[in-house]
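Trainee: Dumping the structure here so I can ask a few things about it.
The values are calculated or read from the model by the stated rules, or taken from the named source; none is laboratory data. Note that this is a predicted model, so its numbers are computed, not measured. Here the Cβ is made from the backbone with ideal geometry for all residues, glycine too, and neighbour counts use every protein chain on show.
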Amino acid sequence: MFRRSRSGQVQNERSGEPAALLVVGLGNPGREYADTRHNVGFMVVEVLADRHGGSLRRSRQEALVAEVRIGGERVALAMPQTFMNESGRSVGQLVRRHGIDDPTHLVIVHDELDLAPGVLRLKAGGGLAGHNGLRSITSHLGTQDYLRVRIGVGKPPDARRGAEHVLKRPGRAEAAEIQDAVAEAADAVEAILADGIHEAMGRYNAGP
């Protein structure tokens, strides 16, 4: 996992051939959580694997993993099979396995309560917005400078029911909005790889 040197630089212990990008979609494993709002990250990884001929298979890093080529670059796609609040345990292992020595080469795709359903935003580093998956990842990696692709799932009428909200499946209209955002999020990951995070943010953060 990432470690900080005395100079403050983030370092990593490599154990595998480096990937240009490690894309991790967050969610909860198990049939009962499929298609819930909390699992939009899984959906994006599945779209990317399908687009680029990858086969997601169980790995020793407590995740389903596929390695694909996108624009000639090696990209690792992963869906942690820990529960959401333990995502960092898997991500730490994935970072080591895929030789990610710079947190800006790690993209986390996740649901976002603070965005309306179907709204997509990209972010480089920053806070955790109360997201348990991000909290776990930051704790395990020792940095929050990784990239995020955030997919809006909206807030429930009662803010105290956020956890209940994300673990439910959206209604038909909202599900259609989220599915559109999932496809767009996969496009955004490809843009990050091709053009860099800042150009991709300028493109995808300019919407309503």
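Trainee: If you check Ala163, Ala175, Ala191, Ala181, which single one turns out to be assigned to a helix (DSSP H, G or I) and in contact with a strand residue (DSSP E or B) (Cβ under 6 Å, 6 or more places away or on another chain)? Write out each step before concluding.
Mentor: Working: Ala163 fails: in contact with a strand residue (DSSP E or B) (Cβ under 6 Å, 6 or more places away or on another chain); Ala175 fails: in contact with a strand residue (DSSP E or B) (Cβ under 6 Å, 6 or more places away or on another chain); Ala191 fails: in contact with a strand residue (DSSP E or B) (Cβ under 6 Å, 6 or more places away or on another chain).
Only one candidate passes the filter, namely Ala181.
Trainee: If you don't mind, another one. Within region 27-42, which residues are of a type in the set (A, V, I, L, M), in contact (Cβ under 8 Å) with a residue 12 or more places away in the chain and farther than 17 Å from Gly154 by Cα?
Mentor: Passing the criteria: none in range.
Trainee: In the list Val109, Val45, which residue meets the criterion of being surrounded by 21 or more Cβ atoms within 10 Å (Cβ to Cβ) and either out of contact with any helix residue (DSSP H, G or I) (no Cβ under 6 Å at 6 or more places or on another chain) or not in a strand (DSSP E or B) (or both)?
Mentor: Just one listed residue meets the conditions, Val45.
Trainee: Does region 1-39 hold any residues that are within 23 Å of Arg74 (Cα to Cα), under 20 Å from the mean Cα position of the chain (by Cα) and at pLDDT 50 or above, and which are they?
Mentor: Met1, Phe2, Pro18, Ala19, Ala20, Leu21, Leu22, Val23, Val24, Gly25, Leu26
Trainee: Give region 122-160 a look and list any residue that's polar (S, T, N, Q) and either in contact with a Cys (Cβ under 8 Å, 6 or more places away or on another chain) or assigned to a loop (DSSP other than H, G, I, E, B) (or both), or say none.
Mentor: Residues satisfying the conditions are Thr143, Gln144.
Trainee: Take region 48-69 and flag every residue that is part of a strand (DSSP E or B) and touching a helix residue (DSSP H, G or I) at 6+ places or on another chain (Cβ under 6 Å).
Mentor: Result: Ala63, Ala66.
Trainee: Moving on. Here is a list: His131, His140. Which entry is more than 20 Å from Glu67 (Cα to Cα) and surrounded by 23 or more Cβ atoms within 10 Å (Cβ to Cβ)?
Mentor: Working: His140 fails: surrounded by 23 or more Cβ atoms within 10 Å (Cβ to Cβ).
After ruling out the rest, the residue left standing is His131.
Trainee: Test Val75 against the criterion of being at pLDDT 95 or above and over 26 Å from Val119 (Cβ atoms), and give yes or no.
Mentor: So Val75 does not fit the description; no.
Trainee: Among the residues of region 166-192, how many are over 23 Å from Gly30 (Cα atoms) and exposed (fewer than 14 other Cβ atoms within 10 Å of the Cβ)?
Mentor: The total comes to 2.
Trainee: Does any residue of region 156-165 turn out to be crowded, with 16+ Cβ neighbours inside 10 Å and of a type in the set (Lys, Arg)?
Mentor: No, the conditions are met nowhere in region 156-165.
Trainee: Name the residues in region 89-131 that are over 13 Å from the mean Cα position of the chain (by Cα) and farther than 24 Å from His198 by Cα, would you?
Mentor: Across region 89-131, the qualifying residues are Arg89, Gly92, Gln93, Arg96, Arg97, Gly130.
Trainee: Take Gly92 and tell me if it is in contact (Cβ under 8 Å) with a residue 60 or more places away in the chain, of a type outside the set (Ser, Thr, Tyr) and out of contact with any strand residue (DSSP E or B) (no Cβ under 9 Å at 6 or more places or on another chain).
Mentor: Values: in contact (Cβ under 8 Å) with a residue 60 or more places away in the chain: yes; of a type outside the set (Ser, Thr, Tyr): yes; out of contact with any strand residue (DSSP E or B) (no Cβ under 9 Å at 6 or more places or on another chain): no.
No; evaluated as a whole, the condition is false for this residue.
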